[in-house]
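Any read-out appearing in this document is the output of simple, stated calculations on the displayed coordinates, not a laboratory observation. Bear in mind that the values here come from a model prediction, so they are computed numbers and not experimental data. For neighbour counting, all protein chains shown are included, and Cβ atoms are generated from backbone atoms with ideal geometry for every residue, glycine included.
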């Protein structure tokens, strides 16, 4: 039984590219049958905003350890390397959803 997970997507301003990425992540969740809530934030607020997230994604590079799974989803914005990223992200989300 999988649980609903919370996904946080961060970008520079918390508006433009995180919104684009969230649309792609929604499709990945559907493909991998992951029930998720997706929120967006700016890179400046990533630490505070990630408190309730199960997975943190960003369109920028982020170096600090947030204590939870993190992945850069820049390929969803650039279009370069998307197939590999979608597979990696789908598997990560599925693994997180299957943990109780």
Exercise. Can you tell which of 12, 79, 90 shows the greatest fluctuation in a Gaussian network model of the chain with Cα springs below 10 Å?
Worked result: 79
For this session: Kindly provide the pair-distance distribution of the chain built from C-alpha pairs, with 5 Å bins from 0 and whole-percent values in order of increasing distance.
Result: 3, 15, 27, 27, 19, 8, 1, 0
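If you take the beta carbon distance between residue 35 and residue 61 as r and set R0 to 25 Å, what does 1/(1 + (r/R0)^6) give as a FRET efficiency, to the nearest 0.05? List each step's numbers first, then the result.
Values: r = 29 Å, r/R0 = 1.15.
Taking R0 as 25 Å, the efficiency between residue 35 and residue 61 is 0.30.
Please report 73, 15, 96 as a ranked list, fewest other C-beta atoms within 10 angstrom at the top and most at the bottom. Don't skip to the end; give the middle numbers.
Values: 73 27, 15 12, 96 19.
Listed from fewest to most nearby Cβ atoms, that is 15, 96, 73.
Ranked by Cβ crowding within 10 angstrom, fewest neighbours first, how are 33, 39 ordered? Don't skip to the end; give the middle numbers.
Values: 33 11, 39 16.
Taking fewest neighbouring Cβ atoms as first place, the list is 33, 39.
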For this session: Taking 7 Å along the Cα-to-C-beta vector as the label spot, tell me the residue 94-residue 51 distance in nanometres, rounded to one decimal.
Result: 3.3 nm
Seminar exercise, completed: Each label sits 7 Å from Cα toward the beta-carbon; between residue 15 and residue 68 the label points are separated, in nm, by 2.5 nm
